[in-house]
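What follows is a set of notes on a single structure, which appears directly below.
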Amino acid sequence: MVSARVLALGLAGLCLGPDLGLCQVAPALGGKDDVARRLADLERLISGQQEQLLAQKAQMDLLRSLAPLGRLDGRKLQGSESVESLQGAMNHAWLILCGALVMFMQAGFAMVESGCCRAKNVQNILLKNLTDVCVGTLGWWLCGWAFAYGGPMDDDGFKQNRFMGSEGAMGKDFLIRDDATGQLQPTTNIVNWFFQWAFCSAAATIVSGGVAERVNFPGYCIFSFMMTAFIYPVCVGWTWGYGWLADVNSVGYMDFAGSGIVHMAGGVGALTGAIWAGPRKGRWENPEEFDPHSLPLIILGTFILWFGWYGFNCGSTLGMATIERGFMAAQVAMNTTIAAATGGLTVFILRFGITKKYDIGGFCNGILAGLVSITAGCGNVECGSAFVIALLGGLFYEAGSRLMQKLKIDDPVDAFAVHGVAGAWGVLAAALFDWGKDFDHYHGWSGFSCMTAEDGSCKTGLGGEGVAANLAEIVAIAAWVAVCSSLIFGPLRAVGWLRASDDVQDEGFDQAKHSPSKAYGNLPETTKPSVFYDASANRKYQVVDQRLQIHTSDLPRALVEYRTQCSMAAPLTVAIADGKQIQTSDLPLALVEHRTSSLAVVSARFLALGLAGLCLGPALGLGQAAPALGGKDDVARRLADLERLITGQQEQLLAQKAQMDLLRSLAPLGGPDGRKLDESESIESLQGAMNHAWLILCGALVMFMQAGFAMVESGCCRAKNVQNILLKNLTDVCVGTLGWWLCGWAFAYGGPYDDDGLKPNRFMSSEGALGWDFLIRDDATGQLTPTTNIVNWFFQWAFCSATATIVSGGVAERVNFPGYCIFSFMMTAFIYPVCVGWTWGYGWLADVNSVGYMDFAGSGIVHMAGGVGALTGAMWAGPRKGRWENPEEFDAHSLPLIILGTFILWFGWYGFNCGSTLGMATIERGFMAAQVAMNTTIAGATGGLTVFILKYGLTRKYDIGGFCNGILAGLVSITAGCGNVECGSAFTIALLGGLFYEAGSRLIKKLKIDDPVDAFAVHGVCGAWGVLAAALFDWGKGFDHYHGWSGFSCMTAEDGSCKTGIGGEGVAANIAEIVAITAWVAVCSSLIFGPLRAVGWLRASDDVQDEGFDQAKHSPSKAYANQPESTKVILSA
């Protein structure tokens, strides 16, 4: 290994090269002594550079082990190399999965925009969304990436021209080829290109909604390409790409995931396009014709966007290889969740106060406005600030929406209000609400740390500079996008390529331009304007990226930032193959990140030249005693050979440095104090990161189950009540979020705990309300220390909101919305948290009957609790009017929605069950998650087939609704025991679960208890069976060896031997869980539903039920534009 002294000598030689006359025309040779000295100097320089090349090669080998493709020489990695390789793989996996989530947001945009438009233009809207992705992909590949993240970069890591890059077009130099062997060396540009592509295409899609229903397709394609290939990439180049905004006003802008860079840019583009295109024909003369044609599509799109936003925001940590990254991603997830719920409720309540109608479109846009508002500051504000930011963001959205209508600017989906206005506010809020101590300690890109001075102390008084920097970002991006968009839309309008003719608008784009001519087979041919959206739909969103900072010895933390001020030339911590470090103070740092493109990718020709020079060194006598000098010509030739060799070495040094910078961006191995972690510490940090990544991704899957519940429940009900069903589903998520944040978590998981890890009162806890103490602040420095409560809060929140949603289906189509909101809040803030406190929160059921209950993922705690709540609510609310007199009128109105919802629920169930391993840091957890996934899959299929075959045998008809409920029954049945039964037992449990479901469903009908979606039969009956089955089918040897929570191991005695004969105790413990939770939920629910029924807040009047909730209570009055108005039956004598 090369010492620091020799490395410094090599660097000194490189710096002295020009002074020694290298790479210049050789001067006339002097005397013999002069020539000898010159040769000696050159040989020393070459020797030093050879040693430096070897040192850099060792470092490159170490860093290259981070690539998930393995070593090029095929050898097995050892020790610390394996850890670093795994860290690189984790970073890649995180960015790929999050990038895929962001890409899936395109489906959300498509559903929202098509739902908001008129039915006669649906195909055209969907075509533009597909085009944005495909055209945007080519634009980003051809030149967008190069403009955004391409070099050249200066020594401080900034773009040399501070405006835009030029290297990396068409993926050039993403792979470095060895011409001699043909082997390829991949760079991190590949994964960064993919992640950032998803953001780029989203920015263009935002514009699509703002110009919907009147823009010609070819003209839009031109704009979409220019947006993704030039306009948006330049915005990125200024910011995430280390352009002029990266260090503006000394602190630089702060936009963690793109409120300004992505959303505001898209929103301003949409506004510009809407102005140039003009309003749709008849928009302001006949506004009633422009109502959205499908609210279920809008709701579905909103849930998809919310789901994808976790990839957008959490993925902007740009890696997941250390616990610090995990903490940051968890904080981002929690802030994102609270902001979405707060924004939606703010707009919904505000519009209800103004119109006295339930506006579900406004609710959806409020959710999106909250998400856009928090995107810039999600990584540098606390959860309480996220609540305030989203609340104000909802108000700003509403003001922007009303201003647009007042100015008669036609924006069909409120793209500018959601993305432009809320995006600008989000950028400003990221600076105003930075979690430093007021304006004294400004964090910005420093994550949980403060910005530090050269002596390592926290800088103070930077808050005002941060606000000014973010204002500069807002003004610069808004002006740039507006001007560039006008330079595209203006000429397109002038030549007639922008706005469609009035005839096309009257006829509809689908009939005039598409084949087939209708999006729906039952849609009548259009001859005049149909329907569209006024100003409360949905919008989209994208994330940009951030960067990793290489570790410098004088930084107090390994900052999780992307674009901090990177102008300092601090000593670089160089990792040598044996794990030692070399400090070099004379090499200027070029901070690299996950997003930049090739910082200085040198061609293979230069690399080969340098290698040739290195190989020729011994042949030229370098490093040996100088031979006697020959004649003048011989000396000249030798000098020329040496100078060529030095030139090759210099080029090779530059090439290797470029590769090292790129590879180093994958290695966030530093500890909080800036030092390099040793192997054991690196492993622990990586394990923490893996646990956080696992819980965040699984929590997002569980959250997406809300879309499944919404589709199933709305599909099961009648068309005249669809909006009301969807509204309750949105409310469950948003009200449940606030209930869980305010006190639910505290009751369920908060302390205190006794020495045995159990709740002292065994009932409920009290610590942790409002996220209190989730972050521990050092008041002296302003630095924050995160806790694992953050990621646990997020994962468990998804379960909490699901419990309330189960109740929603059981009381559908006859319960007043205000009364339901009260129950939903109490369910998520008190009833369900107490159930959790008894069980997962280590209350009295945790050690009942010596072995404790066994409910791995919540058959009883979640599903049975929700099912019992649904049964109780159905009994108190009574049956829907006419339910038992005219049963044929209550058939499901949309089986496709039911099927879609079932598949979404099954998809999300893998997060529900597999995520309940609560981590993924060891192979044992991996084995357990795999067993859980296998059991879940077999159970879903078995339950569905059991019920389908049974119903066919009884009726000789194919019952697709029963098939879907059978699948859900099988999934619920296996949820408790998925972690302690074998796959054969999973089959049996689900088969019996399907039979129990059918029996429960028939019993409920026989008792004339009206449960529109069979919530009690699916969740209550099968939930109770699942809890019992988890003990009965435990994979021990009969009742001899009971495993329970021990996973693949048995429960052990004090001497380490397996306990025997405790299977009966396990069954008794699980029966105790069933009885306790059933009684608790039934009693508490009755104490809420009873008074609500008594004061008339629970059951809707017969007139409302006849007319339908949508027409009586909602605006617009129909979920589907082609749905006939409901009419009351008036009887006369």
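Any read-out appearing in this document is the output of simple, stated calculations on the displayed coordinates, not a laboratory observation. Just so it is clear, the structure is predicted and the values come from calculations on it, not from any experiment. Positions of Cβ are backbone-derived with ideal geometry, glycine not excepted, and every protein chain shown enters the neighbour counts.
Using the 10 angstrom Cβ neighbour count as an exposure proxy, how do Met451, Met328, Met227 rank, fewest first?
Going from sparsest to densest Cβ surroundings: Met451, Met328, Met227.
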Checklist entry - From largest to smallest, what semi-axes in whole angstrom does segment 685-738 give when each is the square root of 5 times an eigenvalue of its alpha carbon gyration tensor? => result 33, 12, 4
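What is the magnitude of the charge dipole of segment 92-546 about its Cα centre, with +1 placed on the Cβ of each Lys and Arg, -1 on the Cβ of each Asp and Glu, and no other charges, expressed in debye to the nearest 20?
1200 debye
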Checklist outcome for this item: Expected vector for segment 490-501, Karplus 3J(HN,Hα) from phi with 6.51, -1.76, 1.60 and θ = phi - 60°, integer Hz, x for Gly and Pro, equals x, x, 4, 5, 5, 9, x, 9, 9, 8, 6, 5
Next on the checklist: Distance between the C-alpha centers of segment 282-354 and segment 786-833? Whole Å please.
Outcome noted: 18 Å
Checklist outcome for this item: In segment 341-439, the trypsin sites (Lys or Arg not before Pro) that sit in a DSSP loop and have at most 15 other Cβ atoms within 10 Å of their own Cβ are Lys356, Lys357, Lys408
Next on the checklist: Taking 0.36 nm per residue of sequence separation and subtracting the Cα-Cα distance, how much length would be gained by fully extending the chain between Phe163 and Ser515, in nm to one decimal?
Outcome noted: 122.3 nm
Checklist outcome for this item: So, relative contact order of segment 1048-1126 in percent, Cα under 8 Å, 6 or more apart, is 11 percent
Item to check | J(HN,Hα) series, segment 134-143, from Karplus relation 6.51 cos²θ - 1.76 cosθ + 1.60, nearest Hz, glycine and proline x | outcome: 6, 5, x, 4, 5, x, 5, 6, 5, 8
Checklist outcome for this item: Computed over the Cα atoms of segment 92-546, the Rg and Dmax in Å are 21.5, 75
Item to check | Nonlocal amide H pairs with Tyr358, under 5 Å, H built at 1.01 Å | outcome: His1114, Ser1115
Item to check | Euclidean distance of C-alpha centroids, segment 847-922 and segment 407-432, integer Å | outcome: 37 Å
Checklist entry - How would you rank Ser850, Ser166, Ser894, going from fewest to most other Cβ atoms within 10 Å of each one's own Cβ? => result Ser850, Ser166, Ser894
Checklist entry - For segment 1104-1112, what does the Karplus curve 6.51 cos²θ - 1.76 cosθ + 1.60, with θ = phi - 60°, yield as ³J(HN,Hα) per residue in whole Hz, taken in order and with x for Gly and Pro? => result 5, 5, 5, 6, x, 4, 4, 6, 7
Checklist entry - What percent does the relative contact order of segment 92-546 come to when contacts are Cα pairs within less than 8 Å and at least six residues apart? => result 27 percent
Checklist entry - Efficiency by 1/(1 + (r/R0)^6): what FRET value for Ile349 and Asp754, r their Cβ-Cβ distance, R0 = 45 Å, to the nearest 0.05? => result 0.60
Checklist entry - Taking Cα pairs under 8 Å and at least six residues apart, what relative contact order does segment 148-295 come out at, in percent? => result 29 percent
